[in-house]
1. Of ARG71, ARG38, ARG42, which residue is of a type in the set (D, E, K, R) and either open to solvent by 60 Å² or more (accessible area, probe 1.4 Å) or touching a residue at least 60 places away in the same chain (Cβ under 8 Å) (or both)?
2. Could you list, in sequence order, the residues of segment 153-167 that are touching a residue at least 12 places away in the same chain (Cβ under 8 Å) and either farther than 18 Å from LEU228 by Cα or assigned to a helix (DSSP H, G or I) (or both)?
3. Mind checking whether some residue in segment 154-173 is open to solvent by 70 Å² or more (accessible area, probe 1.4 Å) and on the phi > 0 side of the Ramachandran plot?
4. Which numbered condition trips up ILE70, out of (1) touching a Lys or Arg at 6+ places or on another chain (Cβ under 9 Å); (2) more than 30 Å from ILE172 (Cβ to Cβ); (3) in a helix (DSSP H, G or I)?
5. In segment 57-115, which residue that is of a type in the set (S, T, N, Q) and within 25 Å of ARG5 (Cα to Cα) is modelled with the lowest pLDDT?
6. For segment 186-234, what are the residues that are farther than 19 Å from SER26 by Cβ, open to solvent by 30 Å² or more (accessible area, probe 1.4 Å), part of a helix (DSSP H, G or I) and touching a residue at least 12 places away in the same chain (Cβ under 8 Å)?
7. So which residues in segment 51-67 are surrounded by 17 or more Cβ atoms within 10 Å (Cβ to Cβ) and in a loop (DSSP other than H, G, I, E, B), if there are any at all?
8. Kindly indicate whether any position in segment 130-147 is among the aromatic types (Phe, Trp, Tyr), open to solvent by 40 Å² or more (accessible area, probe 1.4 Å) and touching a residue at least 12 places away in the same chain (Cβ under 8 Å).
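The values are calculated or read from the model by the stated rules, or taken from the named source; none is laboratory data. Predicted, not measured: the structure shown is a model, and the values here were computed from it. Cβ atoms come from the backbone with ideal geometry, glycine included; neighbour counts cover every protein chain shown. We work out accessible area using only protein heavy atoms, side chains counted, and drop any ligands, DNA or RNA first. Shrake-Rupley method; radii C 1.70, N 1.55, O 1.52, S 1.80 Å.
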Amino acid sequence: MMDYRSFASPLLCDFFAYHESVKGHSNHTVDEYCLDLRGFFRYLKRLKRVVPRDTPFEQIPIDDIDIDFIRQISLSDVYSYLSYLNREKGLNEASRARKISAIRSLFKYLTTKTHQLTENPVQDLDSPKIRKTLPRYLSLEESVRLLDSVRGQNQERDYCILVLFLNCGLRISELVGLNVSDVHANTIRVLGKGNKERILYLNDSCVDALEDYFVVRNGMTLIEPGALFVSNQRKRISKSAVHLLVKNALASAGLDPSLYSAHKLRHTAATLMLQSGVDVRTLQEVLGHDHLNTTQIYTHVSSEDLADAAQMNPLARNRRRKRPESDGGAQ
């Protein structure tokens, strides 16, 4: 986790600590807030000429940001910053929306939580409209091909990881954080976003894969014996190592590693469950989504479904009669 106390002012440190302890946000989320707000205040200090214009952007300090400075921020200043992000940085809509979220959260904290501000200048701030795209996923046949391709020294571990991704729809952070104590017969305890726990039931494929992996794992002398999945260094496996093994397995299966990732396997699990009849609210619980609309991105339908729908229209067979051929020309 980023050490925000080494560069942020006391006011900002309190805000980051609020998200870390009270809101229960992950280290990754808090780090994103740190980076987003650091860039925001660096830009404002340059805009308002608080620092010499020749000061390198990355060297502009934010350890002096206090409530008096923040009181001077207007909605126009925020729009100027967003224009800068679009013009100079070329950030897409999703990246700009994330930065807007961080700014909104700070001002909401200062107005409604600590009451250091009486007015919220960004209350009416608009977010860029984010284009919705269908999540990329593997077909059932491609998923089977991926599992069948696993080979090598760590094949029991790698196969088990892929099986859990494809059957349980785990996030990569959830998978690497699993401990041996989280596995109980046919269930597994998962610690998701915001430190929220959920219990997932394991199907036969998952149980068999875990049993095979435990046979190998139990013969190892480990530095981190509590971690479920371990690396060749006998420590908890890292996210980067999992990303690499997924890419290697994809390549071995003849699938394009540039198009798929560990997160795409989560998309695959969600899609296959929906196609098999799992309702969207049950899927919401499986995936650990707070809101149903997040889960509904998986309710896309296949081209075969669209073709079938076209044929099921009651007018599908109402074909226009052909004009009879004329004996001679028009009179």
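1. Going through ARG71, ARG38, ARG42 in turn, the sole match is ARG71.
2. The answer is GLU156, ARG157, ASP158, TYR159, CYS160, ILE161, LEU162, VAL163, LEU164, PHE165, LEU166, ASN167.
3. Looking for residues that are open to solvent by 70 Å² or more (accessible area, probe 1.4 Å) and on the phi > 0 side of the Ramachandran plot, one finds none in segment 154-173, hence no.
4. (1)
5. SER95
6. SER205, VAL207, ASP212, VAL215, VAL216
7. We begin by selecting, within segment 51-67, every residue surrounded by 17 or more Cβ atoms within 10 Å (Cβ to Cβ); these are 60, 62, 65.
The answer is ILE60, ILE65.
8. Checked against the condition, which is being among the aromatic types (Phe, Trp, Tyr), open to solvent by 40 Å² or more (accessible area, probe 1.4 Å) and touching a residue at least 12 places away in the same chain (Cβ under 8 Å), segment 130-147 yields at least one hit.
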